[in-house]
1. If I model a spin label at residue 171 and residue 47 as a point 7 Å from the Cα along the Cα→Cβ vector, what separation in nanometres do I get?
2. Could you calculate the FRET efficiency of residue 243 with residue 135 from 1/(1 + (r/R0)^6), where r is the beta carbon distance between them and R0 is 35 Å, rounded to 0.05?
3. What is the sum of charges around residue 114, taking Lys and Arg as +1, Asp and Glu as -1, for the other residues whose C-beta is under 14 Å from the C-beta of residue 114?
4. Okay, helix-only estimate at 222 nm for the chain: each DSSP H run of n ≥ 4 adds -39500 (n - 2.57), divide by all residues, round to 500 deg cm²/dmol; what do you get?
5. For the pair residue 59 and residue 96, how long in nm is the line joining their label points, each one 7 Å along Cα→Cβ?
6. Could you tell me the distance between the Cα centroids of segment 146-172 and segment 9-77, to the nearest Å?
7. Could you work out how much longer the chain between residue 226 and residue 31 gets when fully extended? Use 0.36 nm per residue separation minus the Cα distance between them, nm to one decimal.
8. Distance check, please: which entries in 86/174; 56/258; 111/267; 95/166 exceed 28 angstrom between their Cα atoms?
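The numbers here are math on the coordinates, done by the rules we state, and not lab data. Quick caveat: nothing in here was measured; it's all calculated off a predicted structure. Please note: Cβ atoms are built from the backbone with ideal geometry, for glycine as well, and neighbour counts cover all protein chains shown.
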Amino acid sequence: MVSKVQIRSQFDLMNELTSLLIDELRVCEYSKAEYYQLPDINSVDENIIPESIPVKKLTDEIGHRAILNSFTDIYKKESLSSRVLKRHPGLLVLKNADVAALTSRIQQVNKAKAAFKECVLAIDNNDARFEAVHNAVPNLITLAAYRKIHFQSESPFSVRFTWMHKHATKTLTKKMALEMLDKSAGYRNPRMIDQQKWQSLVAQEQMRVASLGEKEKLRIRRPTRVSPQVNVRYTAENRYHVSAALPFILINPQPDVKLGTLPDYQKPESHPRKKEYDFLVDRLYLEQVDK
């Protein structure tokens, strides 16, 4: 069993290395420091999916300070949501930096983050894990602490930002889906005044799933909150994208590298060719994998 001391020890190492990185970045020369400030989400609004997200661009010294501060934003704040994590998109372009030393430091931080995550996840039971972590490090948002710092030291053709729509997927058997619906039947749905109607709805869902073959493959494909991404391109074929949950660090790029900014988000209109999903259970986003 992982102890409180082990969790705290691994956390302290991660924290110490992060502080060293911040100190080193603070004295590095930079040609661009842009931080794209997103609105805070309070606990009351955490279940609302936004139609639009305004972005406030902070630049130069203010942007640089915001970028450095973002690497230690890992604790709960009063009245703000701890379920919908604050994201910190930004771009720090360094010049005349010691590539080997800085790359090594960022890799050390990321390795310590991965080790801390591994230490926490070694506790199987969710409740026990929550209690152990928050006894060791009160008010910590573990998912924020896990975040990897992305960087690039080989000059690309371009670095741009975009908004990405993702889905959280989970594969289920017919038996697992029916067990999930059995649990639903016993819940009280606050949105439905009539509990009898709620149970009737769940019964219809159970019938639809029960009518499937025993070997039918099912999955939950739940849309998640839109999130900012960094797109790094070398050629049309050689490109990749990473999360912009933390600022992206570009080390000593060529002067002609093309740099983009994060635009405001506006929910797109439904495209006529976009696939319409025929869910078995709409409220759970439950669908057949092969239809």
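1. It is 3.1 nm.
2. 0.75
3. +4
4. So the calculated ellipticity at 222 nm is -11500 deg cm²/dmol.
5. Inter-label distance under the simple model: 2.2 nm.
6. Going from one Cα centre to the other spans 16 Å.
7. Gain on stretching residue 226 to residue 31: 67.3 nm.
8. Checking Cα-Cα distances, 86/174; 111/267; 95/166 exceed 28 Å.
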